[in-house]
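In what follows, a single structure is set out as structure tokens and then discussed.
The values are calculated or read from the model by the stated rules, or taken from the named source; none is laboratory data. What you see is a predicted model, and the numbers here were worked out from it, not measured in a lab. Ideal geometry is used to build each Cβ from the backbone, glycine not excepted, and the neighbour counts take in all protein chains shown. Note: accessible area is taken over every heavy atom of the protein model, side chains too, but ligands, DNA and RNA are not part of it. Shrake-Rupley method; radii C 1.70, N 1.55, O 1.52, S 1.80 Å.
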Amino acid sequence: MNFFRGVIGGQAAGPQPSGAETIQKLCDRVASSTLLEDRRDAVRALKSLSKKYRMEVGTQAMDHLINILQTDRSDSEILGYALDTLYNIICNDEEEEQDENAQKQADDLGALFTDKFIQDPEHVTLLLTLLEEFDFHVRWPGVKLLTALLKNQGVQLQGVILVSPMGVSRLMDLLADSREVIRNDGLLLLQQLTKGNAAIQKIVAFENAFERLLDIITEEGSSDGGIVVEDCLLLLLNLLKNNSSNQNFFKEGSYIQRMKPWFEVGDDNSGWSAQKVTNLHLMLQLVRVMVSPVNSPGATASCQKSMYQCGLLQQLCTILMATGVPADILTETINTVSEVIRGSQVNQDYFASVNAPSNPPRPAIVVLLMSMVNERQPFVLRCAVLYCFQCFLYKNQKGQGEIVATLLPSTIDANSISAGQLLCGGLFSADSLSNWCAAVALAHALQDNLTQKEQLLRVQLATSLGKPPVSLLQQCTNILSQGSKVQTRVGLLMLLCTWISNCPIAVTHFLHNQENVPFLTAQISENLGEDERLVQGLCALLLGICIYYNDNSLENYTKEKLKQLIEKRIGKENFVEKLGFITKHELYSRAAQKPQPVFPSPEQMLFDHEFTKLVKELEGVITKAVHKSSEEEKKEEEVKKTLEQHDNIVTQYKELIREQDSQIQELKEQVASMTSQNEQKQATITQQLSQIQQHKDQYNILKLKLGKENQSQSNSQGDVSQVNGLQTEELTQLREEVEELRKQHTLLQTQLDDKDALINTLRSEAAQTAEGSAGGSENTELLKELEALRSQVQSQSTEINQLQTEREELLRRAEAGSSDVVHSSDGSLDSAKMAELESRLAAQMTETERLKEETKSLSGSRADLEQQLASATSTVAILQTEKAKLQTEVQESKKEQDDLLMLLADQDQKIHSLKQKLKDLGETVEDEDDLDAREQTDDDEEEEEEEEDED
């Protein structure tokens, strides 16, 4: 202990050991000390030196510290010191190190020691196991250490944790810790853990992370909360960004609805704290992640629908129109609303109905466009408004029509400012950024909408007093020819290209102005500077569109004449080279990446995302159109006509085949229905045949009765009357059955006539379709089947008629001899049969009663067995519970015994060391063996004395 007093306490006399020597001695002490207190003091000393001598402690002590974590699990204090020491040597957050070289050296040390720690994955598993300890002095430094490891070597740590059993689940338990410091550091740990690993993100999400994080955000005060809310939102962004599975889980779990209260800002929007601005900014980003254009269209549409139904979109629009909202929050809200309405007709319609709280109320679109064309507004805000307007018009032909309608003469209202007036004002203002934004916004109003392109040709502008109005198309070309700024000209050229593409009428209007084509050819053919090459490329694109979509309605500017003009004035190769410069421009590639216009400076706003798609679509076809000769075009037109004719012929044949298929299908259905009807009739005939057979049997009995009329005359008068009565009833019944058979025969005959007519019809139809259809053979087979069925029905009908005739004859003979016939023997026969049936019935009743009794007794015994089984089951459950308790007690007893044995071993060791010290000091110490021998001698002497006394 004197050593520790020298290290930790006051300075001792003489030369002091260096830091490395001290650390070496401490490490030896940790490795060799058998007393826990000594090891604990040594680890505490290493912790105090770990920041100043980071390299030495990390190099010499790391293995010893890891060994402490493995062996001294029972002492939380030494575990805490070891974890803190490891954290100090691995963590790179050194506040006192301001120098870049020193910071870089610290980062290198952190990475070095992290690699050393994770060389054995069992070390990470050990650390995850220690996090299950509830003791604050173990759990908190363990969380900080694992966070530092993830910061230094995140990918490797993620792989180890991913394959560790219950690794992620143990870390998720940190969010449920009642101690806020551990919960908050657990949030930081999960942030590092979920970065860039989709598999871990899914596991964390399915460990109920969304529910826990949203509960914490609510408890901490939502947007008014502190840094904890920010950490929760950052973790949510990690889980949802670019992870479609988690996004779907978030939507299906109805968590979008729980986001609405975040945006319920009050009327007093003054004095927003920096933390609230940060929180709300992250909340808006979280909404955007769910409806980002890079997500799958189906998932985005579903989230947009949920946001409208739960009122989240309405809440965002309220913030959009509120006063006192900070500029960066307003900008991000505009971007968020943009993506919530993008491509969703319902959301776009709602946004069109939103009004600003002004007097008189103005549509939100108009208010936003006023900000876009106002050069005093911040640049990022103007970009956000442009994006919002683009998203409002994306796949929204109804909205496009409403915007263009505000420019038409019949709908202009002089008392109010419309969207069209603002766009025209921005298009022709002195600010080049306003020109560009207005041109792009107007181009989006025409995107993929031929009707609005034609409608916009009607727009007339009054340029100055006393001069006739000019069309909007003409005014755009006039501004181009005046040589304005590059940004303005690029915007106008994009508008013109979008306007006249795929619209031959607009091409004709453009070419009708005699100055346009010479201006374009002059621009393309000149050798201008680097900045002008982009304008030349766009002019080439515009001229190429005039060729490709030309309907040759103007004699001076047909396709062929325009191509000859290019060949003479510009040169085909030069034209194609200028056209290809557009896609080679660096700003073109940046704009093509995503729909949102994000530019570092206003000067770099040159390309629109949708326009890049148009260029990609048209560049190849325009190049081919320019290189083609007139003969090739004629050949292509002839080929097109031939193909069209061929397509028409194929279409006609397809229609004919479809008609024949439908006819064949109808015939098949008719045959199937007739087959089913025939089967029903056959079943009816079979039933009738069985009835007729029964009647034949009855007639045979009557014949026997008529043959024995001489023998029956000796019977009594009473018997005669009884038999005659029975016979009369049978005859009446037979008459009724005969009448019924006649009716059925008539009905069958009618149905046979109907079938004959239908068969004749089918024959005529089959004969007509046999020449052109492949199903003629099938119809022939079906007709043969029908003929066979018809012949079968006719034969059966003939047999029925014969049976009916025979039956009527028997009835007539029976009626003729009924007055004289008496049969006593039949009565005795019937009585004998009745007696036999009654005896059999009685026997069956007796048997039934006996079976009922057996069933009742079996049911009773089954109930007893079920009761016994239930009691036995409960007894087994009780015994199992008691067994589990006993096993737990046995385990606890074993653990206590082990602890006692360890304590006894320590005591023995201490006693032994003390005895040794006493011996060294010259004291006489008796060992346990000597004591045992002395005790044995004393016992022997006492026994001898007792024997002598007895003697």
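Of the trypsin sites (Lys or Arg not before Pro) found in region 359-463, those that fall in a DSSP loop while having at most 10 other beta-carbon atoms within 10 Å are Arg376.
How much length is gained on full extension from Lys52 to Phe599, taking 0.36 nm per residue of separation minus their Cα-Cα distance? Extending this stretch completely gives an extra 192.3 nm. Residues of region 115-157 with backbone nitrogen within less than 15 Å of a virtual label 7 Å along the Cα-to-Cβ line of Met166, please, listed as ranges. Output list for this probe position: 125-134. Bridging of Lys919 to lysines at a Cα separation below 20 Å is possible for Lys910, once same-chain residues fewer than 8 apart are set aside. With the other protein chains left in place, how much accessible area per residue, in square angstrom, belongs to region 381-500 at a 1.4 angstrom probe? Value for region 381-500: 37 Å² per residue.
In this calculation the C-beta distance from Asn574 to Ser245 is compared with R0 = 56 Å, giving a FRET efficiency of 0.60. Extending 7 Å from the Cα toward the beta-carbon at both Lys703 and Leu643 defines two label points whose distance is 8.6 nm. More than 17 angstrom separation, counting every C-alpha pair in region 241-374; what % is that? Summing the P(r) of region 241-374 above 17 Å gives 59 percent of all pairs.
Taking Lys and Arg as +1 and Asp and Glu as -1, the other residues whose beta-carbon sits under 14 Å from that of Ser353 total 0. The residues packed around Gly483, meaning those with a beta-carbon under 15 Å from its beta-carbon, carry a net charge of -2 if Lys and Arg are +1 and Asp and Glu are -1.
In the structure shown, the pairs Lys202/Lys613; Lys681/Lys743; Lys144/Lys195; Lys398/Lys616; Lys578/Lys616; Lys116/Lys151 are assessed against 23 Å; a Cα-Cα span above that value is assigned to Lys202/Lys613; Lys398/Lys616. To the nearest 10, the accessible area of Thr875 is 70 Å² with a 1.4 Å probe. The Cα atoms of region 290-337 give a gyration tensor whose axes a ≥ b ≥ c have a/c of 1.5 or more with a/b no greater than b/c, which makes the shape oblate. Applying 0.36 nm per residue to the separation of Leu237 and Ile505 and subtracting their alpha-carbon distance, the gain on full extension is 91.6 nm.
The calculated FRET efficiency for Asn556 paired with Lys616, based on their beta-carbon distance and R0 = 41 Å, is about 0.85.
Of the peptides 538-545, 229-236, the order by per-residue mean of other Cβ atoms within 10 Å, starting with the highest, comes out as 538-545, 229-236. Extending 7 Å from the Cα toward the beta-carbon at both Arg212 and Glu454 defines two label points whose distance is 6.2 nm.
Structural descriptor for region 419-628: relative contact order 19 percent, calculated from alpha carbon pairs under 8 angstrom and at least 6 residues apart. Measuring against 21 Å, Cα to Cα, the residue pairs Lys395/Lys453; Lys25/Lys917; Lys485/Lys563 contain Lys25/Lys917; Lys485/Lys563 as the ones spanning a longer distance. Model label points for Thr623 and Ser589, set 7 angstrom from Cα along the Cα-to-Cβ axis, are 1.7 nm apart.
Within the straight-line cut-off of under 20 Å between alpha carbons, the lysines reachable from Lys260 are Lys241, Lys251, Lys276, Lys305, sequence neighbours fewer than 8 places apart in one chain being disregarded.
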